[in-house]
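Bear in mind that the values in this text are calculations on the coordinates, not laboratory data. Keep in mind that this is a model prediction, so the values were computed, not measured. Using ideal geometry, Cβ is built from the backbone for each residue, glycine included, and neighbour counts are taken over all protein chains shown.
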Amino acid sequence: MTATESETPTQSETRPDADTRSDASPGQLDRLPRRGAVLRMSEVRAAEEVASEPLGDENDQTMLMNMGPSHPSTHGVLRLMLELDGETIVRSKPVIGYLHTGMEKTGEQLTYLQGPTNVTRMDYAAPLFNELVFSLAVEELVGIEIPERATWIRMLMTELNRISSHLLFMATNGMDLGAVSMMIYGWREREQVLRFFQKVTGLRMNHNYIRPGGVAADLPDGWRDDVLTLMEMLPPRLEEYDTLMTGQPIWRERLQGVGVLTPEEALALSATGPVLRSTGVAWDLRRDMPYLAFDEVDFDVVVGSYGDSFDRYAIRLNEIRESIRIVNQILDKMPPGDYRAQDAKVTPPPRARIDESMEALIHHFKIFTEGFKVPEGEVYVAVESPRGELGCYLVSDGGPKPYRMHIRGPSFVNLQTMPHMMADSLIADAVAVISSVDPILGEVDR
Amino acid sequence: MTLAVGDPYLADGTVDFGDVLLAAGKAVVAFAVLLVAVMLMVWFERKVVGRLQNRLGPTVAGPFGLFQTLADGIKLFFKEDIIPSRADRFVFQLAPYLSLVPAFLTFTIIPIAGDFNGENDGRVTMFGRETFLQVADLPVGILFFLAMSSLAVYGIMLAGWSSGSKYPLLGSIRASAQAISYEAALGLSLASVLLVSGSLSTNEIVNSQAGSGFGGFVPNWNLIVTGFVPFVVFLIAGTAELNRPPFDLVEAEQEIVGGYHTEYSSIRFAMFFLAEFMNTVTMAAIIVTLFFGGPAGPTFGSIIPGWLWGFIWFFSKLLVFLFTFVWFRATLPRLRYDQLMDLGWKLLIPLSLGWLLLLAAIRLVRNGRIDLLDDGGLVAETALVISVSVGILLLGAFLLSMAATAARTERLASRGLTAVAVSDPVVASSSRADGKEVE
């Protein structure tokens, strides 16, 4: 199925009572700048907008309200400037930068081997994806092949990470809409996944596990049983979520038809991930530009039909199920072998070799002090993170540190769809919209 | 059933020192009982929600964490009381009391014990005087309840308004709109109860539900006599009136950061908190009184006196509803403001109004006021009245939904949108990595 075909809903079963969702009329792209969805516009255009704005009478005042940077449901330190007419949002503008830590700049001071430690802190709900995209970019520049087992370990870990990230979304989305118990349930399941991560990488978050050249360590003994336990535990829990939320009338009322985005708008605003897929555009890098070994596993790309918050919720819920499918296939196909490339110039030698070989000791010392040199060039690599296209742009001047590192954070890009989705809706809808975009502010500000 | 209501100890028309002492004593006891009940309610809610969410809830303060509320209260009492510089100082300081006092007062009309079996009407002898086990048996008891629950909104509204801050303002606007809408549904569903019980006095209402009804074993509760619908409407409207989830838009932490009490701290915040839980206990007690026969219930054996059985019945029924409120909170997502209004005005108010008319028509037949066939037989007329009324109700429902649809279409059209029918999409469509189509 191509992206364009899937834009039309495939199911035709109609429910007469559910006309809360609406079609967007053509020409809506013109509304983007006025709604604040385009952060920069030309001065000519801005002047036109001001001129075309009807002047309201004095009694018809709007209220300006700052939602955030510290607000319970702005997912961290996002600040939204809301222009309110009563409780209706006329216009909104996301203001970012409250979590800016200069990670991209810091990346230029760290060697390629230290890089994953830095990038893993960006999207802290899906740290392994950051490490993955950085490592892939470095490997592309250096031009090394990583062993097959490393590839599959990376797939296993990132798919599990997708599950944990989407579980986090389930938790926060539930809480933002007032289903407070959901928060604990989502956290409970995520905890199990994090426990596995801890066993493999030593840490629950910010693992620094996927590194240029492979992964930091092989999977521990008994990993297969742990993953199987997880995969058995999750599906019934997802059924519980269905009972608690998907089929719940208030839940549907709150999400269906809220924050509607059309495919044209989503593409114009370069949204990716569940935000784009909710509009019916079946764009998933795992399928469309396969990396690792995603072309060897069988999975569905879940898309929505209406581009509303409910679709984004349902997509994430079903992506967990798809990830479970993928993980089960990975369990079957996990090859034996080495977990990192044995290229003495890039990866440190095994500990035992250092005691017997002078060259190994020198390589070890060089790698951990100076770092390895990367040929001159630039590269852009993208992976499908739980939030969308996570890209890494690296420029190397031939030294052991990147000349420039840029991360295309899907949260950051998806953020600009918010003002458009929120316009003409209520404050409660704004909360649902923020939640359904699921931004991670660490990645937005980097 | 007599229409002369009021506590028997006041029936002689004179008030002596003993009467005053009795009234004061009852007030103090009720006050203490309510405070303890609130303390336990907070603990109960936290414990039950905790268990429902796979947590333990409070465990540290006292046995089973029972004194957690006390600890929190003491902590809040010693916190700094901050009044925002832009607040209207007088109103800001007054508002918590406006919220707390009605919450206390409502409880006075609740009969919490007493023996209602046989010829007993719940009176007991205390200090040589016959009295009911409630602080006051007002002839207008239920109206008093409605008045107090409306008054309590002033506290919330003024708190939000006087804070001089935007989130509380939104909260207070929501509070006033919500209270007005749901007061109507609350009152209309109440009217059904008053119709069958024939009195506004809470004691009389309980009395009318005593004994057994249909078949000799089904309780004579208003729940059954009024046909369930008023109870359901009352429960929903009552939850909304309490600002409890799923109708807690007034404080909606995820949207307006706590609403009216955002700017409150220390003991003033504690007062709002107290008032809220007091209202919850009182509302559960009102539901029990109106629909579940209050303290009325059978007695077993003679070891426990009859009036104490009343207390046991009352308290068990109360617990069921307190649990229901907590259960709501742990399960349901919050409604949106416009959906709340829709539910109130388009569903609950027409439904309870229609049901009231239906009950009234049936009563007319029962009393023999309508006797079309001149045979005195009531079956035909009852069937006729019910079918006509149901027909009218259905017609009304149809017209209402037509109006709602027309209004929605117009509203969408004004925004340049058209309504479309919607499929049921969990996965609207999906495709495989290998390009083959599934489903």
Discussion item. Using only the alpha-carbon atoms, how far is helix A:180-201 inclined from the longest principal axis of chain A? Give it as 0 to 90 degrees, nearest 10.
Written reply: 20
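For A:V281, B:V28, what's the fewest-to-most ordering of other Cβ within 10 Å of each Cβ?
On the way: A:V281 24, B:V28 11.
In order of increasing Cβ crowding within 10 Å: B:V28, A:V281.
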Worksheet item: Out of every Cα-Cα pair in chain B, what percent are more than 34 Å apart?
Response: 43
Worksheet item: What is the fewest-to-most order of B:T108, A:T369 by other Cβ atoms lying within 10 Å of their Cβ?
Response: A:T369, B:T108
Item to complete: Give the long-range amide H neighbours of A:V346: residues separated by 5 or more places, or on another chain, with amide H under 5 Å away, using H modelled in the peptide plane at 1.01 Å from N.
Response: none
Item to complete: With a 10 Å radius around each residue's Cβ, average the other Cβ atoms per peptide and rank A:264-277, B:138-151, highest first.
Response: A:264-277, B:138-151
Practice prompt. Please sort A:396-402, B:110-116, A:218-224 by packing, taking for each peptide the average over its residues of neighbouring beta carbons within 10 angstrom, highest first.
Written response: B:110-116, A:396-402, A:218-224
Fill in: Sequence of A:H166, A:H363 once ranked by neighbouring C-beta atoms within 10 Å, starting from the fewest
A:H363, A:H166
Discussion item. Once each part is reduced to its C-alpha centroid, what is the distance from the range B:95-112 to the range A:334-388 in angstrom?
Written reply: 72
Item to complete: Scan around A:L113 for amide H atoms under 5 Å from its own, H built in the peptide plane at 1.01 Å from N, and keep only partners 5 or more places away or cross-chain.
Response: A:F372
Fill in: Rounded Å value of the spacing that divides the Cα centres of the range B:26-58 and the range B:288-333
15
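At a temperature of 25 °C and a viscosity of 0.890 mPa s, determine how fast the range B:81-335 diffuses translationally according to Stokes-Einstein, using the Kirkwood radius over alpha-carbon pairs as Rh; express D in µm²/s, rounded to the nearest whole number. Display every interim value, and only then the final one.
Details: Rh = 19.1 Å.
After rounding, the answer is 129 µm²/s.
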Worksheet item: For the range B:383-399, what does the Karplus curve 6.51 cos²θ - 1.76 cosθ + 1.60, with θ = phi - 60°, yield as ³J(HN,Hα) per residue in whole Hz, taken in order and with x for Gly and Pro?
Response: 4, 4, 4, 5, 5, 4, 5, 4, x, 5, 4, 5, 4, x, 4, 5, 4
Response to the item:
Once amide hydrogens are built 1.01 Å from N within the peptide plane, the residues lying 5 or more places from A:R91 or on another chain with amide H under 5 Å from its amide H are A:E83
Discussion item. Quick check: the angle from helix A:148-176's long axis to the longest principal axis of chain A, C-alpha only, nearest 10 degrees?
Written reply: 30
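Which pairs in the list A:K199/A:K333; A:K199/A:K373; B:K166/B:K317 are over 30 Å apart, alpha-carbon to alpha-carbon? Could you put the intermediate results ahead of the total?
Working: A:K199/A:K333 21 Å; A:K199/A:K373 32 Å; B:K166/B:K317 41 Å.
The answer is A:K199/A:K373; B:K166/B:K317.
For the protein assembly as shown, state the average projected area of the convex hull of the C-alpha atoms over all orientations, rounded to one decimal in nm². Mind dumping the intermediate values first?
Details: hull surface 189.3 nm².
Quarter of the Cα hull surface area: 47.3 nm².
Counting partner chain Cβ atoms within 10 Å of every residue's Cβ in B:325-336, what's the average?
6
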Discussion item. Which one, B:G171, B:G297, B:G198, has the greatest fluctuation when you compute a Gaussian network model over chain B with C-alpha springs under 10 angstrom?
Written reply: B:G198
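Only Cα pairs under 8 Å and at least 6 apart count here; give the relative contact order of chain B as a rounded whole percent.
Working: 629 pairs, mean separation 81.9, N = 439.
For chain B, the relative contact order is 19 percent.
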